[in-house]
1. Among the residues of segment B:486-514, write down those that are closer than 27 Å to B:Ser462 by Cα, modelled with pLDDT of 95 or more and among the β-branched types (Val, Ile, Thr).
2. Kindly establish whether A:Val472 is within 26 Å of A:Asn336 (Cβ to Cβ) and open to solvent by less than 50 Å² (accessible area, probe 1.4 Å).
3. Check off (1) farther than 20 Å from B:Ala89 by Cα; (2) at pLDDT 95 or above; (3) of a type outside the set (Phe, Trp, Tyr); (4) touching a Phe, Trp or Tyr at 6+ places or on another chain (Cβ under 9 Å) for B:Ala137 and give me the number that stays unchecked.
4. Quick check on my filter: what residues within segment A:442-460 are within 14 Å of chain B (Cβ to nearest Cβ) and open to solvent by 40 Å² or more (accessible area, probe 1.4 Å)?
5. Determine, yes or no, whether B:Asp115 is over 39 Å from the mean Cα position of the chain (by Cα), in the same structural domain as B:Thr230 (by TED's automatic domain parsing) and more than 30 Å from B:Val443 (Cα to Cα).
6. All but one of (1) buried (at least 17 other Cβ atoms within 10 Å of the Cβ); (2) under 27 Å from B:Phe262 (Cα atoms) hold for B:Ala387; state the number of the condition that does not hold.
7. Would you confirm whether or not segment A:579-602 contains a residue that is among the hydrophobic types (A, V, I, L, M, F, W, C), in a helix (DSSP H, G or I), surrounded by fewer than 19 Cβ atoms within 10 Å (Cβ to Cβ) and within 30 Å of the chain's Cα centre (by Cα)?
8. Return yes when A:Glu410 is touching a residue at least 24 places away in the same chain (Cβ under 8 Å) and under 24 Å from A:Lys321 (Cβ atoms) and no when it is not.
2 protein chains.
Amino acid sequence: MRTSIATVCLSGSLEEKMSACARAGFQGIEVFEPDLVSSDLTPEEIRARAERLGISLDLYQPFRDFEGVTDELLQANLRRAKARFEVMARLGIDTILVCSNVATATIDSDEVSADQLRQLGDLAAQYNIRVAFEALAWGRYISDYRRAWRIVQLADHPQVGTCLDSFHILSRGHDPAGIEEIDGEKIFFLQLADAPEMSMDVLSWSRHHRLFPGEGEFDLPKFFAHVLRTGYTGPVSLEVFNDTFRQTASGTTAVQAHRSLFTLADETVRRFPDTARTSTIARQQTPTGLDFIEIQAEDTRDVEIALEQLGFDFRGQHRTKRVRLFSAGSARIVLNEQYARGVEPAISGLGLLYEDVETAEQRIEDLSVPRVPRPMLAGEQRLPAFATPHGPQLFLAAAPEAGTEPGWVEEFEHGFEPATAPHIHTFDHVNLVSSWETHDETVHFYGGVLGLDKGAATEVASPHGLVRSRVVRNHSGTVRLPFNVLPPVHQRKTEHIALTSDNVLVVAHQARQRGMEFLPVPANYYDDLRARFDLDEEYVDLLQSHQVLYDRDSHGEFMHFYTRRIGGVFFEVVQRFSEYDGYGADNAPVRLAAQSRLDDAGR
Amino acid sequence: MRTSIATVCLSGSLEEKMSACARAGFQGIEVFEPDLVSSDLTPEEIRARAERLGISLDLYQPFRDFEGVTDELLQANLRRAKARFEVMARLGIDTILVCSNVATATIDSDEVSADQLRQLGDLAAQYNIRVAFEALAWGRYISDYRRAWRIVQLADHPQVGTCLDSFHILSRGHDPAGIEEIDGEKIFFLQLADAPEMSMDVLSWSRHHRLFPGEGEFDLPKFFAHVLRTGYTGPVSLEVFNDTFRQTASGTTAVQAHRSLFTLADETVRRFPDTARTSTIARQQTPTGLDFIEIQAEDTRDVEIALEQLGFDFRGQHRTKRVRLFSAGSARIVLNEQYARGVEPAISGLGLLYEDVETAEQRIEDLSVPRVPRPMLAGEQRLPAFATPHGPQLFLAAAPEAGTEPGWVEEFEHGFEPATAPHIHTFDHVNLVSSWETHDETVHFYGGVLGLDKGAATEVASPHGLVRSRVVRNHSGTVRLPFNVLPPVHQRKTEHIALTSDNVLVVAHQARQRGMEFLPVPANYYDDLRARFDLDEEYVDLLQSHQVLYDRDSHGEFMHFYTRRIGGVFFEVVQRFSEYDGYGADNAPVRLAAQSRLDDAGR
């Protein structure tokens, strides 16, 4: 697969964009004309720089409003084209993207457009340039790739082919199966973009909200399979207009973009094995559970106290590191005081369990996720560690046999045996924060790279603005990771660990007896519960006396309570009844308001 | 006019919202249920606090998914309603908003909905509560205000009336003229919201992008006139869900919101004099020109040098202040070194000319725009000064007679006489920056308050993201203020002053001879000009040799050049041919990229 990317996807100057693409491993780029016009490098300098960086200049784009015009305008357009071809010759680019006319077309005729493209092809032939004609979704007359292909066939010129762009085809809801009718030799270029599901005008959607493959909701593997079946062997390129990527560091975006092409290729070959290409990356694995959560701080004492109040057992001190282990059931929490000068308690690591940890590790490496070096001594279990886009480190471990603990637990000494019948059994979910810049990439990382499923995007109100949220999880629900994007004025990044209990009220009662202070829940909340759910009066009183929150939907019921914040982390204990599969989202604004009150009071 | 606002419009806790509304001058508020539920104040405390603040609690909202349901569900819904009525009794609120059912309705019948609302009315009567029924734009069966009114008529219950919300009516494109068919006594509540023109799903549009009246594109004066003609005398309230207001300081937002109701009332009475109410604010005036621009800095020497290179005359030093005046034609630039310790050159003041400056001043004061105290000595011309939402101060001055200078110019001494035939004549436009938080408010400030017209929103690409832009101007074009919202990573706020010339090439030539360095324009730009416009080769060479940029549209031509940045300000000299009315937007990315290169190079 020859990978390519349009310079418009990235921020910075043309030089910065070129360097970022080369470093990320792209083989080529599309030169976006305004990037060229704004650059103070000459075309010859750009060509030389590309050669030095080892990237090809695959496409010059876009050339607008060419066909469907009067004869007079056609002559002017041919003059415009000639000037572009001369610049392309200086750049050494052999393919130009010609978009269907959106502004100046006055003749709605396949024959006229074909004839005018044929004249363009004659001119292009003098420069050895190929014309890739593309139907824009908002083209005045030509907005369907099938019509663009019909016109290319009519033009019947060796220098004139078509360009396919997944956005223009899928955003209009056009069936991509028709791609297989196209001669692969006449597909001169392929541009891929994903997008979230939104109903807005297609031009704004396209200009602002495109995403890299796998980050949105389009079925790109199916689309790509159709293209591969035509025999297309040209560049597989990305053209993604996105307000966020325009603002964020081009280096990171380029790596994310490059990775998205490989997860796409992988997903395509997995779902459509008949498509000729084989994936070059290791097969996707699905995590079967959470091995442990690591919390790092200069001083982890307050976290220890909270864990003991919740009924966790101290399992020991690491043989060689300033690291301590606590557990309740299979919920293992590691407290790390190393390299933490001045650090408040925060989630610093997630251990994911895989059946086939070697393949999972290979895949992550194949997708250029940076490794994190971890000092390790002889006799310690090796846990491969990687950087995540949102901060904490990721560890991979083999799932232990049922009823046993992972081998690394033995590296901890001088602790207690775990309780035999704890009321906390396991991790329910880990609520993590991603920045607006990294949110889509993070969700794709846990999805396409690590093998979790992506849920729908939701949002909840906080006193300081809306919190956007999206859950990634495995099918069985043993790994659930809601990722939140906080509004900009939220000063403190706060994440939390939710634990599954078979009796929330007992855990809350015992924790209070051990001195725990809970997040205070306002009395109005319980009045509202009574009004909403027609609950038994005494039951609501019981919930209120334990500051336990409640939710119900058509699948079941949910009870949960929150501890107070310790640095950047707090705990939640939850109990699910029947098939309740949510997270008590209706209660989140109450929790956020209560936390905000404590913050304002300086507690 | 009784003014009110829904608490959901503002950020912070319920207490903070209530205080902000009272301080801004609102007479009442709508209590948004989730704000109550999240509050740790009891209903009695909230009521007492409202009394102390002098605001009424006008509406409890929303009550959802009540009518169109099975008998069994109706009984549950009546129980839910009873619990709400009890809370309302504690709060002392006498009106509840009932939205048309979006989720649980299964019966699409006017009679059934009317009958169920009648039963709700009977229950409400026991609490002396009024039910205001509203058609949500996305109601399952009832999404049109005319149908909601038909159902209220059918219900025929003294406690059951309707609520009108401009968003739900105008977003669906429903004709608001039908409002006049409604009995004003039966309109129990009025909610107003504006919105930008967007084509997206109406629910997302409503939940995220509502604006205060005058900030969007709805014709709210017309809508409001229809309501007034029914004889409605209840609260005029704002319900604006907006992602930005949820995040920004509630005090500022409340003032902005309150102001928007008065500019709306004013505009309504101006356009529809038959509507009974008279405006309580002074009549809108239109600025006729720019009196002066003030630039403030600890050291203004570099600005002086640039002005002299451009051909400005030094007009003198102020008699008593560390302020110097330069002029070219009627473009007067004041350089102020007072109170500027450590300040880099930046635009700090704008003088607007009005025919009737007293009325203009009165209006600004009526709309609660804060005054800025300016120390003034005897014999100096009084220039009323106000704070703007985007930073610089605003000064008002009476337009001088044609061919004369304003009186305050005489306060400057020891300067030169102005040149008789300068090549720079006047200000063309002043390009200002507003933050994303204040952009809509700023545009409304210059529009609804100061009397300029708002243009369409546009955007241009910069190396660090998209720059959103909107122009406010007077009809004749003697005042033109483009406001830009910069992407977040733009470190430097940069504004610029554009000057009108009758010969840009001569100004550029003379400036270069006087040692000015221009913003360098890349050679690719001129190659692109040749390709785009089919211009004479020698003409393009001439432009290039002076680093002058060019644009053309169907109305005329445009030539312009930029100086380098001096602190946070730079100059542009422009020449308009025929009816060209734009700002060379296609050239802006080239300018932004060139500035970015200079920044990176530390120049």
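1. Once the filter is applied, which keeps residues that are closer than 27 Å to B:Ser462 by Cα, modelled with pLDDT of 95 or more and among the β-branched types (Val, Ile, Thr), segment B:486-514 yields B:Ile497, B:Thr500, B:Val504.
2. Working: within 26 Å of A:Asn336 (Cβ to Cβ): yes; open to solvent by less than 50 Å² (accessible area, probe 1.4 Å): yes.
In short, yes.
3. The number of the failed condition is (2).
4. Of all residues in segment A:442-460, those within 14 Å of chain B (Cβ to nearest Cβ) come to A:456-460.
If the condition is that a residue be within 14 Å of chain B (Cβ to nearest Cβ) and open to solvent by 40 Å² or more (accessible area, probe 1.4 Å), then A:Ala456, A:Ala457, A:Thr458, A:Glu459 are the ones that fit.
5. So B:Asp115 passes the test.
6. Tallying (1) buried (at least 17 other Cβ atoms within 10 Å of the Cβ); (2) under 27 Å from B:Phe262 (Cα atoms), B:Ala387 fails exactly one: (1).
7. Within segment A:579-602, one or more residues are among the hydrophobic types (A, V, I, L, M, F, W, C), in a helix (DSSP H, G or I), surrounded by fewer than 19 Cβ atoms within 10 Å (Cβ to Cβ) and within 30 Å of the chain's Cα centre (by Cα).
8. Criteria not met by A:Glu410.
The values are calculated or read from the model by the stated rules, or taken from the named source; none is laboratory data. Note that the structure is predicted; figures quoted are calculated from it, not measured. Methodologically, a virtual Cβ is constructed for each residue, glycine included, from the backbone with ideal geometry; neighbour enumeration extends over all protein chains shown. Ligands, DNA and RNA are excluded from the accessible area calculation, which covers all protein heavy atoms including side chains. Shrake-Rupley method; radii C 1.70, N 1.55, O 1.52, S 1.80 Å.
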